[in-house]
Every structure is written in structure tokens, then in C-alpha cells.
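Heads up: the structure comes next, in C-alpha cells.
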Amino acid sequence: MKKLIYIFIIIVLSINQSQSKEMVCNFEEVYSDGSIQKGLVLLKDKSIRYQYKDKQLFTIIHHNGNTFAVRNDDLSIVQKIDQNQNLIQELFRFFNHETYSNKNFKKDDLLIKAEKSYNMNFYKRLSIQEKNLKLSIYFNNCENGEIHIKYFNSNPLEEYSY
């Protein structure tokens with residue numbers, strides 16, 4: 001769970017830099033051991049929904065400054081997530097510094113490489129490396145479109161099909 005939250009914080013900050021107000025993307029997390037997690041990310045203004053396809057994982061919602069994890073196999077289990085504010089502030093400065101360019105962020109054992117997409121104002125890949133975690137997150141099939149705000153409520157979590 002800690003890794004999922006950590007990844008999500010990075011995603012929230014990178015996605016919040018999107019010039020598009022509303023967007024849907026598929027994502028693939030590719031880990032160093034070869035395992036892959038797939039899902040969907042929804043963006044509307046400053047709200048994010050990061051939904052894993054696997055029923056054993058979570059849907060993570062960031063809305064109105066709060067972050068919640070909802071179990072995909074039991075939507076009644078909702079957990080509020082406390083965020084590391086110092087890291088968030090540093091990452092926010094990093095992603096705000098120069099929007100949509102290839103760039104690197106390093107702090108202690110954490111290294112993030114962001115690769116821009118040439119097709120849209122968004123990232124195509126984030127590489128995240130730390131002592132116990134190495135993965136790449138690929139964003140695919142991103143589309144602009146209107147998304148109802150109900151999909152950013154954590155309780156009850158509205159089903160979103162993709």
C-alpha cells in the first residue's frame with residue numbers, strides 16, 4: 001500500500017501540470033521484476049482518479065485536497081491517506097519548473113525521470129527509482145473529454161468503465 005500511495009503522489013503532481021482540464025488515460029506500471037499493473041487515470045481540474053484494473057488493488061482518489069484509497073474488491077472499504085507534505089512540495093516545484101520537458105528529479109535515494117509526449121501536453125513516461133522500488137509508468141491512449149465530477153467521490157465510489 002505504501003508503494004501505491006507513493007506512486008500516486010508523484011502521479012498527482014505530474015498530472016496536475018496538464019494543460020487539459022479533463023483527460024482520461026490508460027496507464028501501465030512496469031516494475032523491475034517484470035510485473036505489470038494496468039489501469040486508468042482520470043483528470044478533472046485538480047481532481048485525480050487512479051484506478052487499478054486488478055480487483056485485488058485500489059482506486060485512489062484525490063479530490064478537494066484529500067486523498068483516499070478504495071479497495072476494488074470491496075468498495076465499502078475507504079482509507080484516508082496522509083501525504084508527506086515536504087516531498088509533495090518539492091515534487092510540486094519540480095513539475096512546475098518547466099512544464100512538459102524531459103527532466104530529472106533527485107532527492108536522497110529517489111530519482112524521477114519524466115519524459116514528455118510529443119503528441120500532447122502530457123508525459124508519456126515517468127521512471128521512478130529508489131532503494132526498494134524501480135518502475136516505469138507509461139501513459140497511453142490519452143483523450144480529452146468531459147468527465148462527470150461524481151467519478152471523483154470516494155464514498156460511494158461510482159463505477160467507471162473503460
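The values are calculated or read from the model by the stated rules, or taken from the named source; none is laboratory data. In this text the structure is predicted, and so the values were computed from the model without any measurement. All Cβ positions, glycine included, derive from the backbone under ideal geometry; neighbour counts span all protein chains shown.
Of note:
- Counted residues, the stretch 141-154 - those being modelled with pLDDT of 90 or more and touching a Phe, Trp or Tyr at 6+ places or on another chain (Cβ under 7 Å): 2
- If you go through the stretch 64-98 and keep only what is of a type outside the set (S, T, N, Q), at pLDDT below 85 and within 29 Å of Lys116 (Cβ to Cβ), you end up with Gly65, Ile81, Leu87, Ile88, Glu90, Leu91, Phe92, Arg93, Phe94, Phe95, His97, Glu98.
- Candidate set: the stretch 45-55, residues that are out of contact with any Lys or Arg (no Cβ under 7 Å at 6 or more places or on another chain) and not small (Gly, Ala, Ser); chosen: the one surrounded by the most Cβ atoms within 10 Å (Cβ to Cβ): Arg49
- Members of the stretch 129-162 that are closer than 27 Å to Asp33 by Cα, part of a loop (DSSP other than H, G, I, E, B) and of a type in the set (S, T, N, Q): Asn132
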